[in-house]
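Before any comments, here is the structure.
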Amino acid sequence: MREIDSGFSLIELIGVLILIAIISAVVVSRIGITSPDLYAQAEILKTRIRYAQLKSFNSERVWGVRIQGNKYWLFRDGDLSNRVPFPGEESDTISIPSGMSISPNNMIISFNFKGVPCTDQSGSNPQNTDRTITISSGGDSVSIQITKNTGFIP
């Protein structure tokens, strides 16, 4: 007499349930991000602010990022007109994509030679509170926080 091997084993059932749980976790974690482009722009700006801080550490000069309107640029030596292109960019001025806005839209973030975040272009006025930059698109927004004293950006 032949045995009939139909149905699922317990191991197969557990494997499928684990797979469903993993996929569900990924989907649920992405629900809060309705605009991946908005999130990407915030991450790019974070990276570029960190780059300015790193340059100030390595060169013992004042480096910073100037935000004006929906544009921003990297500057050095405390001179807003001494613009330097970010790595991988041909232009020295970066525009936020249309449909997005940045707030505050008139801000200077400079770093003195110790990497301390400052509110002025010369790097002589250390920021005494955490500062927040918000990039918005439609009803969505992503905030970037620059921590006082250290310049840490979570």
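Okay, here's what the table says:
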item	result
Sole exception among (1) at pLDDT 90 or above; (2) touching an Asp or Glu at 6+ places or on another chain (Cβ under 6 Å) for THR34, by number	(1)
Test: residue in the range 19-30 that is of a type outside the set (D, E, K, R) and under 15 Å from the mean Cα position of the chain (by Cα)	no
Output for the range 119-147, where each listed residue is acidic (Asp, Glu) and without any contact (Cβ under 8 Å) to a residue 60 or more places away in the chain	ASP120, ASP130
Filter result for the condition that a residue is β-branched (Val, Ile, Thr) and in contact (Cβ under 8 Å) with a residue 40 or more places away in the chain, over VAL116, VAL84, VAL62	VAL62
Strands (runs of 3 or more DSSP E) wholly inside the range 36-154 that include at least 1 residues being surrounded by 14 or more Cβ atoms within 10 Å (Cβ to Cβ) and acidic (Asp, Glu)	140-146
Of all residues making up the range 80-129, the number that are among the basic types (Lys, Arg) and within 17 Å of the chain's Cα centre (by Cα)	0
Hits in the range 48-104 (condition: under 25 Å from SER35 (Cβ atoms) and of a type in the set (A, V, I, L, M))	ILE49, VAL65, ILE67, ILE94, ILE96, MET100, ILE102
Count of the range 5-31 residues which are of a type in the set (D, E, K, R) and modelled with pLDDT of 85 or more	0
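The values are calculated or read from the model by the stated rules, or taken from the named source; none is laboratory data. What you see is a predicted model; the values in this text were computed from it and never measured. Neighbour counts are summed over all protein chains in view; Cβ atoms, including those assigned to glycine, are modelled from backbone coordinates with ideal geometry.
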